[in-house]
Amino acid sequence: MSDIVKHDPDCLFCKIVSGEIPSSKVYEDEVCYAFKDIDPQAPVHFLVIPKEHIQSCAAVDGSNSAVVGHIFEVIAKLAAELDLGDGFRVVSNVGRQAGQSVPHLHFHVLSGRDMTWPPG
Ligand code: 5GP
Ligand code: ZN
């Protein structure tokens with residue numbers, strides 16, 4: 001059972017996928033889209049999102065988990081192409097308390113500086 005809407009006309013990232021809102025593209029295929037974060041938190045900071053509207057990691061189920069697997073393949077490929085071998089971080093905030101500000105599943109990819117743990 002799934003409540004996925006393929007395209008939500010009120011969703012910021014759906015508008016980025018459709019081109020209604022411009023973005024700086026890093027990568028695109030039929031399943032996902034990667035673009036630079038508008039407010040970078042590291043020298044390298046881009047977002048990888050599914051083209052279909054999935055609200056967050058909490059909405060991943062058997063109907064869409066292949067999309068998430070594909071996104072992680074893309075992240076590995078981009079990390080190699082962009083020479084992020086010294087290290088990178090993949091983050092997906094889920095819900096208000098974790099700091100999710102856009103309710104369309106996205107994976108932050110951050111690199112190019114030393115990072116601390118735990119995150120804030
Ligand atoms: P969250 O806070 O949900 O984990 O991450 C949302 C991210 O989207 C933030 O890092 C924010 O800077 C980024 N963002 C918000 N609006 C836009 C936009 O219009 N364009 C781009 N490229 N990034 C955005
Ligand atoms: Zn969306």
Residues located in the stretch 12-32, provided they are within 11 Å of ligand 1 (Cβ to nearest atom) and in contact (Cβ under 8 Å) with a residue 12 or more places away in the chain: Leu12, Phe13, Ile16, Ser23, Ser24, Val26
Number of the exception - Ala42 against (1) closer than 20 Å to Val94 by Cα; (2) part of a loop (DSSP other than H, G, I, E, B): (1)
Unique match (being away from ligand 2 (no atom under 11 Å from the Cβ), touching a Pro at 6+ places or on another chain (Cβ under 9 Å) and closer than 24 Å to Gln97 by Cα) among Phe13, Phe46: Phe46
Total residues in the stretch 60-102, condition farther than 20 Å from Lys25 by Cα and in a loop (DSSP other than H, G, I, E, B): 17
Qualifying residues in the stretch 22-38 (those that are outside any loop (DSSP other than H, G, I, E, B) and away from ligand 2 (no atom under 16 Å from the Cβ)) - the one surrounded by the most Cβ atoms within 10 Å (Cβ to Cβ): Val26
The stretch 39-54 residues that are crowded, with 18+ Cβ neighbours inside 10 Å, paired with ones that are charged (D, E, K, R) and modelled with pLDDT under 95 (beta carbon under 8 Å, 6 or more apart): Glu52/Lys6; His53/Lys6
Some residue of the stretch 56-79 being buried (at least 18 other Cβ atoms within 10 Å of the Cβ), within 16 Å of ligand 2 (Cβ to nearest atom) and of a type in the set (Ser, Thr, Tyr): no
Selected residue (only one of Gly19, Gly87 is more than 15 Å from ligand 2 (Cβ to nearest atom) and at pLDDT 95 or above): Gly87
Checklist (1) farther than 23 Å from Lys15 by Cβ; (2) away from ligand 1 (no atom under 16 Å from the Cβ) applied to Ser111, failing item: (2)
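The values are calculated or read from the model by the stated rules, or taken from the named source; none is laboratory data. As the structure is a prediction and not an experimental result, all values here were calculated from the model. In this analysis, Cβ positions are derived from the backbone assuming ideal geometry, glycine residues included, and neighbour counts consider all displayed protein chains.
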